[in-house]
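Okay, so here's the structure we're looking at.
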Amino acid sequence: MLDLTPRLSDRALPRVVSDFRLAGYLHLDDLGELLARCRNHPGALRLRPFVEVGGAPTRSEFEDAFLAFARRFGFPRPEINVRVAGHEVDALFRDERLIVELDGFEYHRDRRSFERDRERDAATLAARFETVRVTWARLTLKAEREAARLHAILHDRRGPKRIS
């Protein structure tokens with residue numbers, strides 16, 4: 001990984017790191033030790049943020065793009081691929097109790113996935129987590145509008161706690 005990194009684009013690097021982690025070929029603790037030993041290696045500087053941020057590996061280019069979107073527009077770093085109310089969610093802003101589901105058409109066009117998504121939304125809402133669904137087009141082609149909307153939602157979720 002250290003030798004491969006200098007040849008990867010900024011877009012490809014997060015995907016490769018996540019794929020290596022998912023396959024079990026790369027562990028952040030081991031990578032951290034390697035980077036400490038090889039501080040001056042050309043790939044070390046680009047790999048260091050992965051060790052510092054930690055968290056679960058992403059599973060798709062869409063998740064990588066959402067993390068880049070969050071950085072670009074000044075959002076707190078969401079947790080990725082975590083469980084809420086017994087269901088795995090794509091992205092979570094835990095303090096605001098807001099889930100972001102990244103909905104690509106190719107994975108959500110059959111009855112089973114449609115029903116599964118509605119079941120997850122109902123279960124997480126019952127646990128007081130709201131869900132926002134974001135499409136690739138809105139994330140990439142209308143990024144400023146999507147960022148403004150998501151900032152407003154997060155701001156409202158941080159507001160005064162309601163007594164129930």
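The values are calculated or read from the model by the stated rules, or taken from the named source; none is laboratory data. Fair warning: this is a prediction, and the values are worked out from it, not measured in the lab. Every residue, glycine among them, receives a Cβ derived from its backbone with ideal geometry; neighbour counts consider all protein chains shown. Please note that ligands, DNA and RNA were not included when accessible areas were found on the heavy atoms of the full protein model with its side chains. Shrake-Rupley method; radii C 1.70, N 1.55, O 1.52, S 1.80 Å.
Sub-6 Å Cβ pairs linking a first residue in the stretch 80-93 that is over 19 Å from LEU150 (Cα atoms) to a second residue that is buried (at least 16 other Cβ atoms within 10 Å of the Cβ) and among the β-branched types (Val, Ile, Thr), at least 6 apart or interchain, are VAL84/THR124; ALA85/THR124, ordered by first then second residue. Annotation: of all residues in the stretch 86-115 being open to solvent by 100 Å² or more (accessible area, probe 1.4 Å) and over 22 Å from PHE66 (Cα atoms), the one that is modelled with the highest pLDDT is ARG112. ALA126: at pLDDT 95 or above, over 16 Å from ALA70 (Cβ atoms) and exposed (fewer than 12 other Cβ atoms within 10 Å of the Cβ), yes or no? The answer is yes for ALA126.
From LEU45, LEU26, which residue is more than 28 Å from ALA152 (Cα to Cα), assigned to a helix (DSSP H, G or I) and over 14 Å from the mean Cα position of the chain (by Cα)? Write out each step before concluding.
Values: LEU26 fails: assigned to a helix (DSSP H, G or I).
It is LEU45.
For the stretch 48-64, what are the residues that are part of a loop (DSSP other than H, G, I, E, B) and open to solvent by 30 Å² or more (accessible area, probe 1.4 Å)? Lay out the reasoning, then the answer.
Filtering the stretch 48-64 for residues part of a loop (DSSP other than H, G, I, E, B) gives 54-60.
Of everything in the stretch 48-64, those that are part of a loop (DSSP other than H, G, I, E, B) and open to solvent by 30 Å² or more (accessible area, probe 1.4 Å) turn out to be GLY55, ALA56, ARG59, SER60.
Selection of the stretch 65-108 for residues being more than 22 Å from ARG158 (Cα to Cα), within 10 Å of the chain's Cα centre (by Cα) and in a loop (DSSP other than H, G, I, E, B) yields an empty set.
Looking only at the stretch 68-83, residues that are touching a Ser or Thr at 6+ places or on another chain (Cβ under 8 Å) and surrounded by fewer than 19 Cβ atoms within 10 Å (Cβ to Cβ) come to 1 in all.
Scanning the stretch 5-23 for residues that are polar (S, T, N, Q) and assigned to a helix (DSSP H, G or I), which turns out surrounded by the fewest Cβ atoms within 10 Å (Cβ to Cβ)?
Here is the first cut: in the stretch 5-23, the ones polar (S, T, N, Q) are 5, 9, 18.
Applying the additional criterion that residues be assigned to a helix (DSSP H, G or I) yields 5, 18.
Details: THR5: 19, SER18: 22.
Once the filter is applied, the top-ranked residue is THR5.
When LEU2 is tested against (1) assigned to a loop (DSSP other than H, G, I, E, B); (2) touching a Gly at 6+ places or on another chain (Cβ under 8 Å); (3) open to solvent by 50 Å² or more (accessible area, probe 1.4 Å), just one condition goes unmet, and that condition is (3).
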